[in-house]
Amino acid sequence: MPLLDAVRALSALEPPAALPPADLAGLAAVLEAHGLAPIASYHLETRPLGAGLPAQFREKLLALYQGVVNDNVFRVMTLRPVLLEAGVPGVILGGLAAVDWLYPHLAFRPLGDLRLAVRGEDGARFAEGAARHAFRPEGTSEGGRVATFGDGRLTFTLQEGLWPGAPADPALFASAVRLPAFGPTAFRPSADDMLLATVAEQALLGLQAPLVTFVDLRELLRLPAGEAPDPARVLPRARALGLSRALHGSMELLAGFFPEVAAAAAALSPGLSGPERMAVDAVVEAARDPARLVRLRGAEAAARLVVAPR
């Protein structure tokens, strides 16, 4: 798939010297839709593979890069004082955890939705701290396990586990790693839990998730030995959390998108029964083409029934 070769080149942390041939209009659309325009633009403007490419293509991606830079800085500078004020342990999830840890530059990845895991018993104290920075409750969902706060400019959500609506998860907090840039009570997930949280996020989208989340997984699997997710821990934890189907599907897609981590992905793929595997593989096949930007109505919901946490 020529387009995928170009996407791989532009989403690599160390890109090749030349861009593989691709339809540039289609490539720009895919990069934008999948959250990869910022890292692609950075490479095109600073590395040899951007030489000779049409100005219109580069300018489109550069505008998206600049927008992400501004948005990410605003989000970080707005959220950090809230975390400092709240003074309760919070595990930063999603794009904010990924970009601070797995990428060399804040602008390489859109932060997306801001999500924090906070113990249920700390929720009220966190809300008090957030209120001192004009963040007010905007509603709850998932039986009260998810709370949304906003200040009219920005929103973030609190949850108790690895994904919105997941049950309280003491293991998430026990293995979390300090994130000093956001204050003394801020943490990020362990590599194992970051992988499972990302897989759960993808599963809630029926595996039709932005490619940037698969770049997150790729970089997790490329961490040095001893720091990367450990199958001996991940597989039983996935089973206990009802994430085995999702994990199998995500690892299959990851291996296809980024063959350099295929062996590591295979080691993290759980065994499924024959009928389960057939059902999940059908979902995987429907999600393999990143250029397929329009989906049939109801396809995501049907896929979610197969792979969502259970």
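The values are calculated or read from the model by the stated rules, or taken from the named source; none is laboratory data. Being a predicted model, the structure only gives us computed values, none of them experimental. Note that each Cβ is placed from the backbone with ideal geometry, even for glycine, and that neighbours are counted across all protein chains shown. Only protein heavy atoms, including side chains, enter the accessible area calculation; ligands, DNA and RNA are left aside. Shrake-Rupley method; radii C 1.70, N 1.55, O 1.52, S 1.80 Å.
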Which whole-number value in Å² is the accessible area per residue of the chain, probe 1.4 Å?
43 Å²
Could you identify which residue out of Leu49, Leu211, Leu162 has the top mean-square fluctuation in a GNM of the chain using Cα springs shorter than 10 Å?
Leu49
Beyond 23 Å, the calculated P(r) of the chain holds a percent of Cα-Cα pairs equal to 57 percent
Taking only C-alpha pairs under 8 Å that are 6+ residues apart, what is the relative contact order of the chain in percent?
15 percent
If you restrict to DSSP beta bridges whose two residues both lie in the chain, what percentage is antiparallel, to the nearest 5?
70 percent
Karplus-derived HN-Hα couplings along the stretch 236-250 (A = 6.51, B = -1.76, C = 1.60, θ = phi - 60°), whole Hz, x at Gly and Pro
x, 5, 4, 5, 5, 8, x, 10, 4, 4, 4, 5, 4, x, 5
Given a 1.4 Å probe and the protein chains all in place, what does the accessible area of Thr140 round to, in Å² to the nearest 10?
100 Å²
The chain, helix-only ellipticity at 222 nm - DSSP H runs n ≥ 4, -39,500 (n - 2.57), divided by all residues, nearest 500
-16000 deg cm²/dmol
Mind jotting down the distance between the C-alpha centroids of the stretch 180-219 and the stretch 118-159, whole Å?
20 Å
Determine how large the accessible area of Leu83 is when every protein chain is in place; take a 1.4 Å probe and give Å² rounded to the nearest 10.
10 Å²
Can you give me the distance in nm between label points at His133 and Arg292, each placed 7 Å from the Cα along the Cα-to-Cβ direction?
4.1 nm
FRET E, pair Ala232, Met278, Förster distance 22 Å, beta-carbon r, rounded to 0.05:
0.20
What is the distance in Å between the Cα centres of the stretch 63-94 and the stretch 262-310?
31 Å
What percent do you get for the relative contact order of the stretch 58-122 when only Cα pairs under 8 Å and 6+ apart count?
36 percent
Are there trypsin sites (Lys or Arg not before Pro) in the stretch 140-210 that DSSP puts in a loop and that have at most 14 other Cβ atoms within 10 Å, and which ones?
Arg153
When the Cα atoms of the stretch 194-290 are enclosed in a convex hull and the volume is divided per residue, what value in Å³ results?
86 Å³
I want to verify a result. In a Gaussian network model of the chain, Cα cutoff 10 Å, which of these has the top mean-square fluctuation: Gln159, Gln208, Gln66?
Gln66
Kindly sort Arg292, Arg47 by accessible area of their heavy atoms, largest first, with the probe set to 1.4 Å.
Arg292, Arg47
Restricting the stretch 184-229 to GluC sites (Glu not before Pro) in coil, as DSSP defines it, with at most 11 other Cβ within 10 Å:
Glu227
Dipole magnitude (debye, nearest 20) for the chain, charges at Cβ of Lys, Arg, Asp, Glu:
220 debye
Percent carbon-and-sulfur accessible area, the chain, ignoring ligands, DNA and RNA, probe 1.4 Å:
57 percent
What's the center-to-center distance, using Cα atoms, between the stretch 6-33 and the stretch 226-255 in Å?
28 Å
Tell me which of Thr148, Leu3, Leu96 sits at the most positive position along the dipole axis of the chain, charges placed on C-beta atoms (Lys, Arg +1; Asp, Glu -1).
Thr148
